[in-house]
Amino acid sequence: MAKKVLMKGNEAIGEAAIHAGCQCFFGYPITPQTEIAAYMARRMPQVGRVFLQAESEVAAINMVYGAAGAGVRVMTSSSSPGISLKSEGISYIAGAELPCVIVNIVRGGPGLGGIQPAQSDYFQATKGGGHGDYRMVVYAPSSVQELVDLVQEAFDVADQYRNPVMIMGDGMLGQMMEPVEFKERQTTRNLPEKTWAANGLRGRKIHNVINSLYLKPEELEAHNKKLQQKYAEIEKNEVKYELYNLENEVDIVIVSYGTLARICKNAIKMLEKEGIKVGLIRPITLWPYPKKAFDEVMDKVKLGFISIEMNEGQMVEDVKLSVNGRKPVFFYGRSGGMVPTPAEIVNKIKEIVGGAK
Amino acid sequence: MPHQEIIFAGFGGQGILSMGKFLAYAGLEEELNVSWFPSYGPEMRGGTSNCSVIISDSPIGAPIVTDATAVVVMNRPSLDKFESHVVKGGLLIIDSDLVNREPERTDIEIIKIPAQRIAEEIGSKKIANMVLLGALVEKTKIVSMESLLKALKEHGKEQFYELNKKALERGAEYAR
């Protein structure tokens, strides 16, 4: 077992990417994720790989497009406004079916917003920040250890499906230090060889072309159908979630992800002492969304579900789609960088449970 | 009581973030759950700086501390900002050489340490933070002095180890 070290979330992302065989990192500074780029600037040359600070986020994501097209493992990172700038490129990458990892350490928005932790990019990440009928796998880790494990997983999933994968954390996760262990890890996936890569002829007769332009409607529709098949496959295979305190019947189920889910767990323990039983569904993949978690627990829930988020109500729409009218769905959120306290969550739940009793 | 939430606060450059780091490493040494979270924002050199450290035997929720079992302050603005964050019956440690007002709370334990003078006696004002950290660990027993010294040895600069050790011990002595 490797020794546990204390590491900032942002630095751990960098180290995890290096462990996963990331060959190139293209970044541009923005709080609260700048430490990722700073770490990569130091470490990547040490291991003989490429770090490049781009002239802008738009340039960085297009460098990712190029490197991914050449068949190497590549990552970029930013925070909310920077991800907006990258979104055009992400759509191109999805269209051209290239594997890459994109990190978003979310800050409050809209616009330049603030720099404190938020979850207000849920729509952007899961419903497509860029244009067109595309999907991107989105992981939402809740601890620095899980962050490390998911960065490594993200590279594998990207390669397996030839698709961009996002790691979405918040300022809290990026800035905090926690004990973390880098496990020696072998992928269990059967990753296809990158025979499509535009990396020279290598004995082939025809050179590979990476493109997302399909001018004939018939061809573009066929391309879209093919993408949809792939997305259906991802939805079938790659859903991840955690169920907490849901072994027995509960009064209400919290749905929450990322660092906020940890705060919800604290609130659940406080409520338990007052005789209120609360479970938690923690989506680990935000897309594909863990709809089946709701089917699994539906019979154990007395009052309904509450989506707790650090935004004004985004994931709650997916909660409603998953519950599909079977139980009431409530919402509680703070935004702008305000982080709910366990006591606040306890009060909100008591209000609902009290009102129902 | 193996669950404590601590805020360290002062000016940038006083070693506020490193105090927190050494404490977190000591907690890791004792195989407890730990988290360390810095204030991040439009901070600059010479501005205020703070960090939150949680050490617990159960999983940690938010790494941000609002209700602190202990607060260590190294300047007046930090006292103004964080005095109200100490829980009832909690601990407030003040560098009395740098803070020129009396705390207002009467429902908490308060230790005032002339940390700058003590640090200067040992050899350098720069280790005043360690004097305060020594007092904190002595008073709260959140980690053992042994673990703290081990953390210092493994993660601190070797040439300052003896000096830092002396500062921790003098701080602990003062709090006894």
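What is the residue count in segment A:36-53 for residues that are within 15 Å of A:Ser79 (Cβ to Cβ) and touching a strand residue (DSSP E or B) at 6+ places or on another chain (Cβ under 6 Å)?
Count: 2.
Looking only at residues in segment B:2-23 that are touching a residue at least 60 places away in the same chain (Cβ under 8 Å) and out of contact with any Ser or Thr (no Cβ under 7 Å at 6 or more places or on another chain), which one is farthest from the other protein chains (Cβ to nearest Cβ)?
B:Gln14
From the list B:Gly10, B:Gly20, which one is part of a strand (DSSP E or B), of a type outside the set (Val, Ile, Thr) and closer than 20 Å to B:Gly90 by Cβ?
That would be B:Gly10, the only listed residue that is part of a strand (DSSP E or B), of a type outside the set (Val, Ile, Thr) and closer than 20 Å to B:Gly90 by Cβ.
Within segment B:124-160, track down each residue that is of a type in the set (Gly, Ala, Ser) and either crowded, with 19+ Cβ neighbours inside 10 Å or within 24 Å of B:Ser49 (Cα to Cα) (or both).
Selection gives B:Ser124, B:Ala128, B:Gly134, B:Ala135, B:Ser147, B:Ala151, B:Gly156.
Give the number of residues within segment A:162-192 that are open to solvent by less than 30 Å² (accessible area, probe 1.4 Å) and within 30 Å of A:Asn211 (Cβ to Cβ).
6
Need pairs with beta-carbon distance below 7 Å; first residue within 10 Å of chain B (Cβ to nearest Cβ) and within segment A:25-37, second of a type in the set (A, V, I, L, M); sequence gap 6+ or separate chains.
Final answer for the pair search is A:Thr31/A:Ile115; A:Pro32/A:Ile105; A:Pro32/A:Ile115.
Restricting the search to segment A:227-244, which residues are open to solvent by 40 Å² or more (accessible area, probe 1.4 Å) and not acidic (Asp, Glu)?
Correct list: A:Gln228, A:Gln229, A:Ala232, A:Lys236, A:Asn237, A:Lys240, A:Tyr241, A:Leu243, A:Tyr244.
Being touching a strand residue (DSSP E or B) at 6+ places or on another chain (Cβ under 6 Å), within 27 Å of A:Tyr161 (Cβ to Cβ) and polar (S, T, N, Q): is that true of A:Ser84 here?
So A:Ser84 does not fit the description; no.
Pairs needed: first member in segment A:87-99, without any contact (Cβ under 8 Å) to a residue 60 or more places away in the chain; second member anywhere, assigned to a helix (DSSP H, G or I) and not hydrophobic (A, V, I, L, M, F, W, C); C-beta distance under 8 Å; at least 6 residues apart or different chains.
Taking only residues 6 or more apart or on different chains, the pairs are A:Ser87/A:Gln124; A:Gly89/A:Asn62; A:Gly89/A:Tyr65.
Do you know which of the residues in segment B:97-114 that are out of contact with any Asp or Glu (no Cβ under 8 Å at 6 or more places or on another chain) and among the acidic types (Asp, Glu) is farthest from B:Val72 (Cα to Cα)?
B:Asp107
Name the single residue, out of those in segment B:53-70 being at pLDDT 95 or above and farther than 15 Å from A:Pro179 by Cα, that is surrounded by the fewest Cβ atoms within 10 Å (Cβ to Cβ).
That would be B:Thr69.
Residue under question is A:Ile306, and the condition is that it be surrounded by fewer than 21 Cβ atoms within 10 Å (Cβ to Cβ), touching a Lys or Arg at 6+ places or on another chain (Cβ under 8 Å) and of a type in the set (Val, Ile, Thr); does it hold?
Answer is no for this residue.
Determine which member of the set A:Asp159, A:Asp133, A:Asp149, A:Asp121 is open to solvent by 60 Å² or more (accessible area, probe 1.4 Å) and either away from chain B (no Cβ under 14 Å) or in contact (Cβ under 8 Å) with a residue 24 or more places away in the chain (or both).
A:Asp133
Test of understanding: among A:Asn266, A:Asn224, which residue is surrounded by 15 or more Cβ atoms within 10 Å (Cβ to Cβ), part of a helix (DSSP H, G or I), touching a residue at least 40 places away in the same chain (Cβ under 8 Å) and touching an Asp or Glu at 6+ places or on another chain (Cβ under 6 Å)?
Criteria check complete, one pass: A:Asn224.
Taking the condition of being of a type in the set (D, E, K, R), outside any loop (DSSP other than H, G, I, E, B) and surrounded by fewer than 17 Cβ atoms within 10 Å (Cβ to Cβ), how many residues in segment A:1-47 meet it?
Residues that pass the stated criteria total 1.
Which of (1) open to solvent by less than 80 Å² (accessible area, probe 1.4 Å); (2) under 15 Å from the mean Cα position of the chain (by Cα) is the odd one out, the single condition B:Lys112 does not satisfy?
Every listed condition holds for B:Lys112 apart from (1).
Go through segment B:45-101 and tell me which strands (runs of 3 or more DSSP E), entirely inside it, have 2 or more residues that are within 11 Å of chain A (Cβ to nearest Cβ) and among the hydrophobic types (A, V, I, L, M, F, W, C).
In segment B:45-101, the matching strands (runs of 3 or more DSSP E) lie at B:48-56.
The values are calculated or read from the model by the stated rules, or taken from the named source; none is laboratory data. Note that the structure is a prediction, hence the values are computed from the model and not measured. Here Cβ is always computed from backbone atoms with ideal geometry, including for glycine, and neighbour counts include all displayed protein chains. All accessible areas refer to the heavy atoms of the entire protein, side chains included, with ligands and DNA or RNA removed. Shrake-Rupley method; radii C 1.70, N 1.55, O 1.52, S 1.80 Å.
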